[in-house]
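Here the structure comes first, spelled out in structure tokens, and everything after it is commentary.
The values are calculated or read from the model by the stated rules, or taken from the named source; none is laboratory data. The structure presented is a predicted model; accordingly, all values stated were derived computationally and were not measured. Quick reminder, even Gly has a Cβ in these numbers, built from the backbone with ideal geometry, and neighbours come from all protein chains shown. Note: accessible area is taken over every heavy atom of the protein model, side chains too, but ligands, DNA and RNA are not part of it. Shrake-Rupley method; radii C 1.70, N 1.55, O 1.52, S 1.80 Å.
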Amino acid sequence: VTDITQAKLTEKKLSKSEQLSRMILNTSIDGFLFSDNKGKIIDVNPAFCYMLGYTSHEIHKMSLIDIEASDSAEEIKERLKKIINQGFERFESKLRSKDGSMVDVEHSVTYLADKQFTFGFIRDITQRKQFENLRIQQLAQQRDALVREVHHRIKNHLQGMVGLLNLYSAKQPAERDLIQDITAKISSIAAVYGVQGKSHQDNTCLLYTFSQGIVR
């Protein structure tokens with residue numbers, strides 16, 4: 001007769017721990033996925049099924065290549081090798097849902113050497129990506145508006161300088177050649193920067209002092 005009381009108690013504790021872990025995974029709002037070293041899906045939680053619109057039965061027949069939209073089969077294979085070698089990897093990708101739409105996700109994947117499979121938390125970051133893209137668009141619009149404003153100001157200033165130089169040239173015939181040379185250079189600068197105006201007769205008082213300094 002062998003006393004196996006302690007072994008039974010340990011087995012009972014492990015069973016309770018596994019039940020608690022399973023309950024946590026099943027109620028998690030983040031997706032959870034187990035896969036083997038070749039990318040075959042072993043197990044998932046309800047949140048992952050809901051994220052992609054598949055049933056648990058459908059998911060268990062699939063592999064990572066069936067749902068991964070960002071990487072090719074070779075890239076997935078290389079990433080699995082990296083996870084196995086490093087033991088952990090965090091990255092972002094796009095997953096393909098059942099209806100064909102793309103879901104932006106963040107992976108936090110760990111490799112269990114004793115079990116020889118990977119498990120990872122998958123978080124839906126679609127809304128965050130949409131916000132980031134919207135922010136990028138807003139910044140681009142602000143940048144474009146600033147560039148237009150700067151070009152407009154440069155154009156007006158250059159036109160004003162040319163106008164003042166032409167007026168000065170009419171009053172100082174002896175310096176006309178020099179002034180025309182300066183005017184031509186200013187016009188070249190305007191053309192290079194794409195701010196050449198249609199008229200060179202505008203007056204810009206703000207550049208009056210500056211233009212006088214050039215002539216002198």
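Among the aspartates and glutamates, select those whose C-alpha is under 13 Å from the C-alpha of Lys155, and discard any that sit fewer than 8 residues away in the same chain. Leaving aside aspartates and glutamates fewer than 8 places away in the same chain, those within reach of Lys155 are Asp202. Label zone (Arg128, point 7 Å along Cα-to-C-beta; backbone nitrogen cut-off 18 Å) within segment 52-79: 52, 70.
Overall shape: oblate for segment 37-136, with the ratio a/c of the largest to smallest alpha carbon gyration tensor axis at 1.5 or above and b/c at least equal to a/b. About its Cα centre, segment 67-202 has a charge dipole of approximately 240 debye under the convention of +1 per Lys or Arg Cβ and -1 per Asp or Glu Cβ, with nothing else charged.
Protein heavy-atom surface of segment 73-129, 1.4 angstrom probe: 48% of the accessible area is carbon and sulfur, with nucleic acids and ligands not counted. Using 0.36 nm per residue and subtracting the Cα-Cα separation, the extra length available between Ile136 and Ala69 on full extension is 21.8 nm. Each peptide in 69-76, 160-167, 33-40, 119-126 receives the mean, over its residues, of other Cβ atoms within 10 Å, and ordering these scores from highest gives 160-167, 119-126, 33-40, 69-76. Each Lys and Arg Cβ is given +1 and each Asp and Glu Cβ -1; about its Cα centre, segment 66-113 then shows a dipole of about 160 debye.
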